[in-house]
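A.B. asks: There's a structure below that I have some questions on.
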Amino acid sequence: MLCPSCHANVKPGAVRCPACGYGVRAALDSGVHCPKCKTPVEKDAKECPGCGGLFKAALKKCPDCAEEIRAEARKCRFCGYIFIAAVDQRFCNHCGRVVMADANYCNGCGGEIIRAVKPETAS
């Protein structure tokens, strides 16, 4: 059998690949496969060891440009949007965009920040 990650030969019944340490048994037992390359992957994997593709759970969508980026990203690599930690999040009263905690004006629409509101309640 071949390791799904490094394609080294793995003895049948092995738990881990001797070359790269990939959890061969866990991947085969999970019944989960990469949608792109069909490589068996561990149940909670964020990235395919075969093709390097990211799974939806490891991605988030940028609210400005709608591109998918890594879930851990603090800044969008496509448009430069900066994700603010949830405790520091404030929202523009006019457009609902996330603004800095000390902002007086929205950097999106230019509206004055009077109070922080969630987008659902923005008018």
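A.B. asks: Measuring from label point to label point, each 7 Å out along Cα→Cβ, what is the H7 to K56 span in nm?
C.D. replies: 3.0
A.B. asks: Let a ≥ b ≥ c be the square roots of the eigenvalues of the Cα gyration tensor of region 1-52; is it rounded (a/c under 1.5), or, if not, prolate (a/b larger than b/c) or oblate?
C.D. replies: It is prolate, given that a/c is not under 1.5 and a/b is the larger ratio.
A.B. asks: Select from A103, V24, N9 the residue farthest towards the positive end of the dipole of the chain; place +1 on Cβ of Lys and Arg, -1 on Cβ of Asp and Glu, and compute about the Cα centre.
C.D. replies: Farthest towards the positive pole: N9.
A.B. asks: Do any of K11/K61; K36/K75; K11/K60 go past 29 Å between their Cα atoms, and which?
C.D. replies: Over 29 Å Cα-Cα: K11/K61; K11/K60.
A.B. asks: Quote the charge dipole size of the chain about the Cα centre in Debye, to the nearest 20; the model charges only the Cβ of Lys and Arg (+1) and of Asp and Glu (-1).
C.D. replies: Computed about the Cα centre, the dipole is about 360 debye.
A.B. asks: Within straight cross-link reach of K38, meaning Cα distance under 19 Å, which lysines are found once same-chain residues fewer than 8 apart are removed?
C.D. replies: Result set, ordered by chain and number: K46, K56.
A.B. asks: Right, something else. Could you order the peptides 17-27, 102-112 from most to least packed, using the average number of other C-beta atoms within 10 Å per residue?
C.D. replies: In decreasing order of mean packing, 17-27, 102-112 become 17-27, 102-112.
A.B. asks: Report the label-to-label distance for R25 and D64 in nanometres (one decimal), using points 7 Å from each Cα along the Cα→Cβ vector.
C.D. replies: If labels sit at R25 and D64, their model points lie 4.8 nm apart.
A.B. asks: Would you please put 7-15, 93-101 in order of how densely packed they are, using the mean number of other Cβ atoms within 10 angstrom per residue and starting with the highest?
C.D. replies: 93-101, 7-15
A.B. asks: Where a ≥ b ≥ c are the square roots of the eigenvalues of the C-alpha gyration tensor, would you call the chain rounded, which needs a/c under 1.5, or, failing that, prolate if a/b is larger than b/c, or oblate?
C.D. replies: prolate
A.B. asks: Between H33 and M100, what is 0.36 nm times their sequence separation minus the Cα-Cα distance? Round to one decimal in nm.
C.D. replies: In short, 20.1 nm is gained.
Where a number appears in this text, it was derived from the coordinates with a stated rule and is not lab data. It should be emphasised that the depicted structure is a prediction, and the values quoted were computed from it without experimental measurement. Virtual Cβ from ideal backbone geometry, glycine too; neighbours counted across all protein chains shown.
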